[in-house]
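Take a look at the structure below.
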Amino acid sequence: MPKMKPKLLFVSITNKANGAENILLQAARASNASLLFLKKVESGGLNIPIDQQVEYVSNGSILSGFSRLIKSLSPYRTDHIIFSTHPYLNAFLGFLKRIGYLKSKLIVRECSSVLTRYSGLKKLSYQIAYWLGYPGVNLVVCQTNSMRDSFVQHLPYIDKRRVIIQKNPIDIEQNLIKAEEALPAADATAEFICAAGRLIPEKGFDILIIAFDEIKASQPHLQLLIFGEGPEQASLQKLISELKLEGRVVLKGWVANPMPYFKHAKACVISSIKEGFPNVLLQMMILNPVVISTNCAGGIDEIPGIYLAEADNVNSLTTTVNTALSTNSNHKDLIMQYVEDRTPEIFIKSILNALV
């Protein structure tokens, strides 16, 4: 008798087009499975295909989404595999398993090492959430060796046999297709380097802007374009003004398809201070032969063909950007070999095979 395909549900807090949510969408598409979001965002959401089954628990606050989630999970209480991301949501679902409401198996993905990223009350809130919910989890997925090491060190009460490493997926074909879209006329003839991500301190965009200020004289026609939204927008714009970089450094905001920019940039830059693993790095790598990244996550120093800078170091990033822009080298073959085993299909199959 043929083995039945597992019934999967992928859950996240919002449909915001961030790295973790993009990974869930890729995995859901590869699994022909449903997506469930606690809250639907008004702008900057995932580009979800019309044939994708998706449910939004709330159009209001995230808190109202949590309060209504129990009812929305009713059809999935048994005989399913639930896959979620973000620690608070993971912990909430794990707690529902511990009290017996959920009997389906639960897989959770760690989107970052929050217990080393935060301190004070925020760290304490995560510690409490982990303690309440994670003992009910069947499988924990970490992105890198260093993330797993940190997880098992900080949470010794979790059986480390249930904590696995699975590299982030990348849909190479879809990204190549998206990159074929034409740039807007205003940017079509511009020379630029680009970066992308949420405008938060951990992304190091202030460091990148200061580094760009150091190289602007040697690159008189070059712009720095930064894609993304977030709470640091006002402070970054203030920094741009203080350095008199208006017109040279542009905060582009949220853009539905940044892939053409990644493709046509003179270089793509990851300037993060600390990450779980910057998912946008993989997109940049398959679209542009010149990629610069800080050593902000485990495994980045092992990636072939990229230019590596120290994290949280203006001088190192400045030197590395200068080197990348002046070096005529192409490591496309090495990069494609690195990403070829990261398809969404391999991603979800490997995780399901690890689920006991």
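The values are calculated or read from the model by the stated rules, or taken from the named source; none is laboratory data. As the structure is a prediction and not an experimental result, all values here were calculated from the model. Note: ideal-geometry Cβ built from the backbone for every residue, glycine included; neighbour counts use all protein chains shown. These accessible areas exclude ligands, DNA and RNA; they are computed on the full protein's heavy atoms, side chains included. Shrake-Rupley method; radii C 1.70, N 1.55, O 1.52, S 1.80 Å.
What are the residue pairs meeting all of these: first residue in the stretch 251-266, first residue closer than 20 Å to residue 231 by Cβ and free of Cβ contacts under 8 Å to residues at least 60 places away in the same chain, second residue outside any helix (DSSP H, G or I) and of a type in the set (A, V, I, L, M), Cβ atoms under 7 Å, and 6 or more apart or on different chains?
Every condition considered, the pairs that remain are 251/226; 252/225; 252/226.
Could you please tell me which pairs satisfy a Cβ distance under 7 Å, a separation of 6+ or placement on different chains, a first residue in the stretch 171-196 that is among the aromatic types (Phe, Trp, Tyr), and a second residue that is open to solvent by 80 Å² or more (accessible area, probe 1.4 Å)?
Correct list of pairs: 192/266.
If you go through the stretch 22-47, how many residues are assigned to a loop (DSSP other than H, G, I, E, B) and surrounded by 14 or more Cβ atoms within 10 Å (Cβ to Cβ)?
Looking only at that region, the number is 5.
Of the conditions (1) outside any loop (DSSP other than H, G, I, E, B); (2) within 23 Å of residue 21 (Cα to Cα), residue 308 fails just one. Which one is it?
Here residue 308 meets the rest and fails (2).
Considering only residues that are in contact with a helix residue (DSSP H, G or I) (Cβ under 8 Å, 6 or more places away or on another chain), of a type in the set (Val, Ile, Thr) and at pLDDT below 95, look in the stretch 308-347 and name the one that is farthest from residue 5 (Cα to Cα).
Going through the qualifying residues, I end up with 335.
Inside the stretch 126-217, counting only helices (runs of 4 or more DSSP H) that do not spill past its ends, which hold 1 or more residues that are touching a strand residue (DSSP E or B) at 6+ places or on another chain (Cβ under 9 Å) and open to solvent by 80 Å² or more (accessible area, probe 1.4 Å)?
Correct list: 145-154.
Tell me, which residue of the stretch 65-111 that is open to solvent by less than 70 Å² (accessible area, probe 1.4 Å), among the small types (Gly, Ala, Ser) and out of contact with any Lys or Arg (no Cβ under 8 Å at 6 or more places or on another chain) is nearest to residue 10 (Cα to Cα)?
72
Which of (1) over 19 Å from residue 202 (Cα atoms); (2) open to solvent by 50 Å² or more (accessible area, probe 1.4 Å); (3) of a type outside the set (Gly, Ala, Ser) does residue 306 not meet, given it meets every other one?
So the condition that residue 306 fails would be (2).
Which of (1) modelled with pLDDT under 95; (2) surrounded by fewer than 19 Cβ atoms within 10 Å (Cβ to Cβ); (3) within 18 Å of residue 91 (Cβ to Cβ) does residue 230 not meet, given it meets every other one?
(3)
Evaluate the following for residue 298: is it open to solvent by less than 40 Å² (accessible area, probe 1.4 Å), of a type outside the set (Asp, Glu), more than 15 Å from residue 196 (Cβ to Cβ) and part of a loop (DSSP other than H, G, I, E, B)?
Taking the combined requirement at face value, the residue satisfies it.
Can you tell me which residue is farthest from residue 238 (Cα to Cα) among those in the stretch 188-215 that are at pLDDT 95 or above and charged (D, E, K, R)?
191
Of all the residues that make up the stretch 318-339, how many are open to solvent by 60 Å² or more (accessible area, probe 1.4 Å), assigned to a loop (DSSP other than H, G, I, E, B) and more than 19 Å from residue 278 (Cβ to Cβ)?
Residues flagged as open to solvent by 60 Å² or more (accessible area, probe 1.4 Å), assigned to a loop (DSSP other than H, G, I, E, B) and more than 19 Å from residue 278 (Cβ to Cβ) within the stretch 318-339 amount to 2.
What are the residues in the stretch 266-280 that are open to solvent by less than 10 Å² (accessible area, probe 1.4 Å) and either modelled with pLDDT under 95 or part of a loop (DSSP other than H, G, I, E, B) (or both), if any?
271, 272, 276, 278
Looking only at the stretch 312-356, which residues are among the β-branched types (Val, Ile, Thr) and within 21 Å of residue 295 (Cα to Cα)?
Hits for the stretch 312-356 are 314, 318, 319, 320, 321, 323, 327, 335, 339.
Please work out which one of (1) open to solvent by less than 10 Å² (accessible area, probe 1.4 Å); (2) outside any helix (DSSP H, G or I) is the condition residue 223 fails and give its number.
Every listed condition holds for residue 223 apart from (1).
Anything in the stretch 340-356 that is among the acidic types (Asp, Glu) and part of a helix (DSSP H, G or I)? List them, or say none.
345, the sole residue that qualifies.
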